[in-house]
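Q: Got a structure here, written out as structure tokens. Questions coming.
The values are calculated or read from the model by the stated rules, or taken from the named source; none is laboratory data. Just so we're clear, the structure is a prediction, and the values are computed from it rather than from any experiment. Cβ: placed from backbone, ideal geometry, glycine included. Neighbour counts: every protein chain shown.
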Protein chains: 2
Amino acid sequence: MSNAEALLPILEPEAPAAVAPCCPPLTERPLTAEEAAGTAKMFKALGDPVRLRLFSLVASHEGGEACVCDISDVGVSQPTVSHHLKKLKEAGLLTSERRGTWVYYRVEPSVLAAMGRLLTSATGA
Amino acid sequence: MSNAEALLPILEPEAPAAVAPCCPPLTERPLTAEEAAGTAKMFKALGDPVRLRLFSLVASHEGGEACVCDISDVGVSQPTVSHHLKKLKEAGLLTSERRGTWVYYRVEPSVLAAMGRLLTSATGA
DNA sequence: CGTCTATGTTGACACATGTCGAATCGACGA
DNA sequence: TCGTCGATTCGACATGTGTCAACATAGACG
């Protein structure tokens, strides 16, 4: 696949942007097909037990940041952990940064807030 | 299927209870494997565009209740709509009730609130 | 430069999932 | 009772997904 990447004009596999300010609360208005498609990607990313646990490990870590070595003890092999972290990154929920030997993952606070707003009914209840 | 139900001791295929008061916010504490497994089911249920749209259609309907005939216009066949509604029901997000000819679906407000709390960071940000 | 440790990628496999057409069930009306 | 309409279930198929072993890459340290 590295060949294709070199030949093509570097088209990114997923649109990694514009996930934060998405939609009003679900109780307020039915989502359009486009809105649902974009939002469902985030929910789907959290729809796997391993990913949800990895995400909570990063989110609850000090400073909302965690090294892979700190969170790779979730019961699956390390390639699988890397695979899931990549999925979370593609969904816009995490960002990664390499500092020296280790790679650190951080949560995207705006995305968290947006998803929370989606599920927080504005109707008072 | 009516035969099997009559013969077997009525074992339910999915545990339909105890989904509402689950976990503290994700930013507060890493989820255990059990918590993640249970919570991921709800996120997974909303991780499909069609299901998310169906859910928003029901949630935003008057009284948080909608007939299937009102929400079955999401671009897929009616059996598929029924299939997705069943999934949402199994995840504890919806409840169904038959009134005469039509079947009405309603949202479970406590579940919505619980999921919103999960994503609402208590750290102030 | 060589080697070691830490992450990420590839290829392959088993399994789950979304989708539809056809058949079935349930309620209403002629 | 029979026919019709709304909703679910069944059977089948194509696709997506999670998982791992093996390999590749990136930086650190002698």
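Q: Select from region A:73-84 the residues that are among the polar types (S, T, N, Q) and more than 10 Å from A:Val50 (Cα to Cα) and list them in ascending order.
A: Passing the criteria: A:Ser77, A:Gln78, A:Ser82.
Q: Would you mention how many residues in region B:35-74 are within 14 Å of DNA strand C (Cβ to nearest atom) and acidic (Asp, Glu)?
A: Number of matching residues: 2.
Q: Inside region A:52-78, can you point out the residues that are among the hydroxyl-bearing types (Ser, Thr, Tyr) and facing chain B (nearest Cβ under 8 Å)?
A: Of everything in region A:52-78, those that are among the hydroxyl-bearing types (Ser, Thr, Tyr) and facing chain B (nearest Cβ under 8 Å) turn out to be A:Ser56, A:Ser60.
Q: Taking region A:40-65 as the search range and keeping residues that are more than 23 Å from A:Arg117 (Cβ to Cβ) and modelled with pLDDT under 95, which one is nearest to DNA strand D (Cβ to nearest atom)?
A: Per the stated criteria, the residue is A:Glu65.
Q: Taking region B:79-94 as the search range and keeping residues that are touching a residue at least 12 places away in the same chain (Cβ under 8 Å) and loosely packed, with under 15 Cβ neighbours inside 10 Å, which one is nearest to the other protein chains (Cβ to nearest Cβ)?
A: Per the stated criteria, the residue is B:Thr80.
Q: Can you tell which of B:Pro49, B:Pro109 is within 13 Å of chain A (Cβ to nearest Cβ) and either among the polar types (S, T, N, Q) or surrounded by fewer than 16 Cβ atoms within 10 Å (Cβ to Cβ) (or both)?
A: Result of the check over B:Pro49, B:Pro109: B:Pro109.
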